[in-house]
């Protein structure tokens with residue numbers, strides 16, 4: 001890399017994928033009481049009870065380590081860990097991480113525009 005005039009490299013490494021399932025239980029609900037609608041309903045005093053099905057959400061949390069490596073110094077000069085929750089794709093997650101890292105490196109003075 002030194003021959004190609006690079007002075008640094010940014011490495012991303014997947015550390016962990018945490019999978020969680022959240023379940024929202026179904027909720028019961030009822031119709032209008034039958035006993036107000038006619039004599040038969042009034043006599044039996046019944047309500048119809050319905051139940052909504054359970055709803056589950058699958059969540060994945062990706063933990064990624066970011067390392068900035070100085071090629072001339074042959075050492076790590078900055079590192080961070082980030083988490084992305086249920087990204088729509090690996091490409092989208094990588095782009096979001098790149099934007100955050102770019103802003104952070106500029107803020108701390110480790111990245112200078114040419």
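The values are calculated or read from the model by the stated rules, or taken from the named source; none is laboratory data. No experiment lies behind these values; they were computed from the predicted model shown. Cβ sites come from the backbone with ideal geometry, for glycine too, and all protein chains shown count toward neighbours.
Tabulated results
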read-out	value
Subset of the stretch 31-53 (residues that are in contact with a strand residue (DSSP E or B) (Cβ under 6 Å, 6 or more places away or on another chain) and either loosely packed, with under 10 Cβ neighbours inside 10 Å or at pLDDT 80 or above (or both))	49
Restricting the stretch 17-30 to residues that are surrounded by 11 or more Cβ atoms within 10 Å (Cβ to Cβ) and closer than 19 Å to residue 87 by Cβ, the residue that is modelled with the highest pLDDT	18
Number of the condition not met by residue 103 [criteria: (1) under 20 Å from the mean Cα position of the chain (by Cα); (2) assigned to a helix (DSSP H, G or I)]	(1)
Residues located in the stretch 60-95, provided they are outside any loop (DSSP other than H, G, I, E, B), under 24 Å from residue 6 (Cβ atoms) and without any contact (Cβ under 8 Å) to a residue 24 or more places away in the chain	75, 76, 79, 82, 91, 95
Hey, residue 94 within 17 Å of residue 13 (Cα to Cα) and at pLDDT below 95 or not	yes
